[in-house]
Structures are given as structure tokens and as C-alpha cells.
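Enquirer: This structure is in C-alpha cells; I'll ask about it shortly.
The values are calculated or read from the model by the stated rules, or taken from the named source; none is laboratory data. Bear in mind that the values here come from a model prediction, so they are computed numbers and not experimental data. Backbone-built Cβ (ideal geometry, glycine too); neighbour counts: all protein chains shown. Heads up: the accessible areas ignore ligands, DNA and RNA and are worked out on the full protein's heavy atoms, side chains in. Shrake-Rupley method; radii C 1.70, N 1.55, O 1.52, S 1.80 Å.
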Amino acid sequence: MRSETAYHGDMGKYFAALATDHAYNAHTDRPAMLRLAGDVTGLRILDLGCGAGHYAAELLKSGAVQVVGVEGSETLLHAARERLGDGAILHHHDLEEPLAFLGDQSFDLAVMALVYHHIDARGQLLAEIRRVLRPGGILLVSTTHPTSDWTYFGDSYFADERVELAIGDGFAISYWRMTLERFLGELLGAGFVLESLVEARATEAARLVDPRRYDKTHSQPSFLAVRLRRP
């Protein structure tokens, strides 16, 4: 993620708090991705764009032997360190750059939750993930659903452009609109094999947190998550 699109300062603090119990982050995307991960007991896991450490905490609780987090925002890394203590290895690193500090075939599972669509150098990043995953290793990726972006931003479904989405009080996030064809095409073109695809819907816990967003995820596609295998 380019340094200017990482969640720094007050925006990072806002997002760290938001992701803890938000209907979308905590009760839609995260449960879907963790279900796709399956049994992680004894696995070495790479968490790309680890944010405030919410995924790392869940994966360690579920039995992962090691979680290595990579994040471009020092603000979010500070929150992750507070959440995880010494439980995970955390690196401050721009995902637009190669993962040269990670060894070949050193992970069983890589997780990229709501990060992929922020990246410019996606081909390079996928090649690096393939390098650091062992043969048979798993990659989990989630993103905004292409039809959700089309509904919100309008214009052509096939628009290929960076957009800005206002969130919170005066903040905005920047990311790429992608068709389903482009999203899956890039992942498969990088040599991964699709095992499962989920159009994530909010869990019952979200109904208590935010009934409107709960209903929205059950009436129109909002998020997409895939499980892929490195041959």
C-alpha cells in the first residue's frame, strides 16, 4: 500500500478502533476469512496489511504457531503491538515494495484482508506471496465486492480507476475499483488455484451492532473473499 494510502495518524487511530466491533470488519469480513482459513493449528502465517492486529490475535488464539504481520502504517502497528504484545512478529513495510526480508517457502498461510484493492503493484506482490508460501500453501484475499463499488460510484461496471470513499468524520480511503474478472484474473494469472469463493454476509452479532448494515449485507453483495492454493 502506498505510503499516502496507508492509514496514518488520526485516521489510523480511527480505523484501529472501528475494526474492533464494526459490522463490516468484525462481523462480516473477518468471520468469512477465518472460516476460509479453517484449522490453523501449528501453521506459520503471514498477515499482509495486518492493521491493528485483529486477525493476528484471532489466528494465534486458534492455534497458529507463528504470525508475522506486515503493515505500512506506524499508527496501526502501534495498535497491533498493544494488542499482541510479543505474540507476533511485526514489520513496518510498504507492500508496494518486495518482501525481501522474508524467506522463500517460509509460510503455510498468507492472509490479505481488505488490502489488495489498495495496492498498485499487485502483480509484484502476488509473485512475492507465491515465493514465500510453501507448495500447497494457502492464500486468503478479501476485497470490496465489484457490484457494490459499481452501485456506489456509478459509471461503467468496467471502470478501472482509483476512487476515494469517505469514512468517519472527514476521512477518506483510496482504492482501485476492480471487476470480478480482473480480481480473479490477477490471482489466477499469478499461478494460484481457486479453492473457494464467498460473498460474505454479516453474522448475527452484527444485527446488534448495526441492524442497517446487517440487512444491507444480506440484500446486496458487499464483500468478496477467496481461498487459493499455491501449487
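Enquirer: Summing -39500 (n - 2.57) over the DSSP H runs of n ≥ 4 in the chain and dividing by its residue number, what mean residue ellipticity at 222 nm do you reach, to the nearest 500 deg cm²/dmol? Intermediate results must be reported in sequence, preceding the final value.
Expert: On the way: 9 runs with 82 residues, N = 231.
Per the formula, -10000 deg cm²/dmol.
Enquirer: Now, a different point. In terms of the Cα gyration tensor, with a ≥ b ≥ c the square roots of its eigenvalues, is segment 1-126 rounded because a/c is under 1.5, prolate because a/b exceeds b/c, or oblate? It would help to have the intermediate numbers written out before the result.
Expert: Numbers: a/c = 1.39, a/b = 1.06, b/c = 1.30.
Rounded, because the longest to shortest axis ratio a/c is under 1.5.
Enquirer: Distance in nm between label sites at S196 and S174, each 7 Å beyond Cα in the beta-carbon direction?
Expert: Taking the simple label geometry, S196 and S174 are separated by 3.5 nm.
Enquirer: Within segment 118-215, report the GluC sites (Glu not before Pro) that DSSP leaves as loop and that have at most 10 other Cβ atoms within 10 Å.
Expert: On the way: sites: E128, E161, E164, E181, E186, E195, E199, E204; in loops: E161, E199.
Passing sites in segment 118-215 are E161.
Enquirer: If you don't mind, there's one more thing I want to ask. Roughly speaking, what is the stretch gain from Y157 to E181, that is 0.36 nm per residue apart minus the C-alpha to C-alpha distance, in nm to one decimal?
Expert: 7.5 nm
Enquirer: Before I look further, what does segment 104-165 give for accessible area per residue, probe 1.4 Å, in whole square angstrom?
Expert: On the way: 2390 Å² over 62 residues.
For segment 104-165, the per-residue accessible area is 38 Å².
Enquirer: Something else: Using the alpha-carbon centroid of each, what span in Å lies between segment 124-197 and segment 82-118?
Expert: Going from one Cα centre to the other spans 17 Å.
Enquirer: Go through L180, L114 and list them by solvent-accessible area, largest first, probe radius 1.4 Å. Write out the running numbers ahead of the final one.
Expert: Values: L180 70, L114 35 Å².
Accessible-area ranking of L180, L114, largest first: L180, L114.
Enquirer: Return a whole-number percent for the relative contact order of segment 58-140, with Cα pairs under 8 Å and 6 or more residues apart as the contact set.
Expert: 29 percent
Enquirer: What net charge do the residues around E195 carry, taking every other residue with its C-beta under 14 Å from that of E195, with Lys and Arg at +1 and Asp and Glu at -1?
Expert: Around E195, the surrounding residues sum to +4.
Enquirer: Could you sort H92, H118 by their accessible area in this structure, using a 1.4 Å probe and putting the largest first?
Expert: Highest to lowest solvent-accessible surface, that is H92, H118.
Enquirer: For segment 167-207, just say rounded, prolate or oblate: build the C-alpha gyration tensor, square-root its eigenvalues into a ≥ b ≥ c, call rounded for a/c under 1.5, and beyond that prolate if a/b exceeds b/c, oblate if not.
Expert: oblate
Enquirer: On the accessible surface of segment 1-139, probed at 1.4 Å, how many percent belong to carbon and sulfur atoms?
Expert: Using a 1.4 Å probe with all protein chains present, segment 1-139 comes out at 51 percent carbon and sulfur.
Enquirer: Looking at the square roots a ≥ b ≥ c of the eigenvalues of the Cα gyration tensor of the chain, which shape do they give, rounded for a/c under 1.5, prolate if a/b is larger than b/c, or oblate?
Expert: Cα axes put the chain in the rounded bin.
Enquirer: Just the accessible area for E71, please: 1.4 Å probe, Å², rounded to the nearest 10?
Expert: 10 Å²
Enquirer: With every protein chain in place, what's the accessible area of K216 (1.4 Å probe, Å², nearest 10)?
Expert: 70 Å²
Enquirer: Counting only protein chains, not ligands or nucleic acids, how are W176, W150 ordered by accessible area (probe 1.4 Å), most first?
Expert: Output order, biggest surface exposure first: W150, W176.
Enquirer: Please list, in order along segment 195-211, the HN-Hα scalar couplings obtained from phi with the Karplus expression 6.51 cos²θ - 1.76 cosθ + 1.60 (θ = phi - 60°), rounded to whole Hz, x for Gly and Pro.
Expert: Residue by residue, segment 195-211 yields 10, 7, 9, 10, 9, 5, 10, 5, 6, 4, 4, 5, 4, 6, 6, 7, x Hz.
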